[in-house]
Amino acid sequence: MATGTPGSMLQRLLASLALAPLLPLALLTLTPARAQFVIKDPSESRPAGLVIIENRLTLEGPRVVGVYAVTTDEKDPSLRRIKVWYELPNNVNVRNETIRCAPSGPMRVTPNGTNLMVRELNPGGLISPVNREDHLVWWTSCFPEQGGGKEPSTLRALALKLGFNGNLQEKEYAVPGAR
């Protein structure tokens, strides 16, 4: 059974969820059903080290996608743990993801709400509107010098030089119920 005041328990919970840096910039409103953060200007809440990979206008307003907190797995140096920042004028979502950078199996593993999506990628292959974001995230995570929104379709020669064959078949798998 947890002990302590509700306020101190909330602070510990927020710190454990890595949301503590957002507290000075956000207004916390507690409701009986859930805690909700209201951010006046999402751009003011951007984390340190955020590499913006996409900044475009949508029907909802400016959409910013960025990658930050990239760390290399201690046991497998081809794996990266990352955070992906999705910002709209009235909403911010952050996803924890895993990226595999190895030429033998480049992939992005990302949650989509109810499923865990496993996407096998083909660096140096065809880039389309369907897989462009996957490749932007992958290049920024695996080869940071290519990050910042460099167009992945221009990186074929580099991918081949790095040992990727450019002929892998891209696939997507859904792992149901993973969160």
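Only the coordinates and a few stated rules stand behind these numbers; no lab work does. Bear in mind that the values here come from a model prediction, so they are computed numbers and not experimental data. We place every Cβ from the backbone using ideal geometry, glycine too, and count neighbours over all the protein chains shown.
Relative to its Kirkwood radius, the Cα radius of gyration of segment 85-179 gives an Rg/Rh of 0.98.
Which whole number in µm²/s is D for segment 20-176 by Stokes-Einstein, with the Kirkwood Rh taken over Cα pairs at 37 °C and 0.692 mPa s? The diffusion coefficient I find is 196 µm²/s. In terms of surrounding Cβ atoms within a 10 Å radius of their Cβ, E60, E97, E54 rank from fewest to most as E60, E54, E97.
Efficiency by 1/(1 + (r/R0)^6): what FRET value for K161 and R132, r their Cβ-Cβ distance, R0 = 25 Å, to the nearest 0.05?
My answer for the efficiency is 0.70.
For K161, a cut-off of 27 angstrom between C-alpha atoms picks up these lysines, skipping any fewer than 8 places away in its own chain: K75, K150, K171. Among F164, F143, sorting on how many other beta-carbon atoms sit within 10 Å of each Cβ, with the fewest leading, yields F143, F164. Partners of K83 within straight-line reach, counting aspartates and glutamates whose Cα lies under 19 Å from its Cα and excluding those fewer than 8 residues away in the same chain: E44, E54, D73, E74, E97, E120, E133, D134, E145.
Which residues in segment 121-140 place their backbone N less than 13 Å from a point set 7 Å from the Cα of N112 along the Cα-to-Cβ direction? Zone members listed by number: 130-131, 134.
Summing Cβ point charges (Lys, Arg +1; Asp, Glu -1) relative to the Cα centre of segment 20-176 gives a dipole of roughly 60 debye.
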